[in-house]
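Student: Before we start, here is the structure in question, set down as structure tokens.
The values are calculated or read from the model by the stated rules, or taken from the named source; none is laboratory data. All values reported here derive from a predicted model rather than from experimental measurement. A quick note on method: Cβ atoms are made from the backbone with ideal geometry, for glycine too, and the neighbour counts reach across all protein chains shown.
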Amino acid sequence: MESLYLLFGTGAAAGVVSLIGQIIMRKMDKKHGVHQGVCVILYDRIKCLGKRYISEGCITSEELNDLMKMHTIFKKELSGNGFLDALIDQVKKLPIVETKGTAKDKCNNCDAAK
């Protein structure tokens, strides 16, 4: 009789462990998907802004600082690839200006750089 309890008890414990494992795996998959989505969005934003600044021919120190922070987060925190390094190098070579007038109004319009 004790072996019967042991058998059912072990089976129930294995079922609970299996269920917990499945829940953990689903959460990890969701986090992985969110991670990939953030990487894609940040990659696109850095590329868009970098192209815009290059097309404008100048950048403010605030814009450069923001872009560098995004690039650092993309590479170090999100383990992004180095595909944006050449673009960032070009942006770093741009003259830094105090203000760009109405160019800041285009900040959210990425189509202006394409």
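Student: Looking at K30, is it at pLDDT 65 or above and not in a strand (DSSP E or B)?
Tutor: For K30, the condition - at pLDDT 65 or above and not in a strand (DSSP E or B) - is not met.
Student: Looking for whichever is of a type in the set (A, V, I, L, M, F, W, C) and free of Cβ contacts under 8 Å to residues at least 40 places away in the same chain here; the options are I54, I41. Which one fits?
Tutor: I41
Student: If you scan segment 80-93, which residues turn out to be modelled with pLDDT under 95, out of contact with any Lys or Arg (no Cβ under 7 Å at 6 or more places or on another chain) and assigned to a loop (DSSP other than H, G, I, E, B)?
Tutor: Passing the criteria: G80, N81, G82, F83.
Student: Only one residue in G11, G50 is at pLDDT 95 or above and of a type in the set (G, A, S), so which one is that?
Tutor: G50
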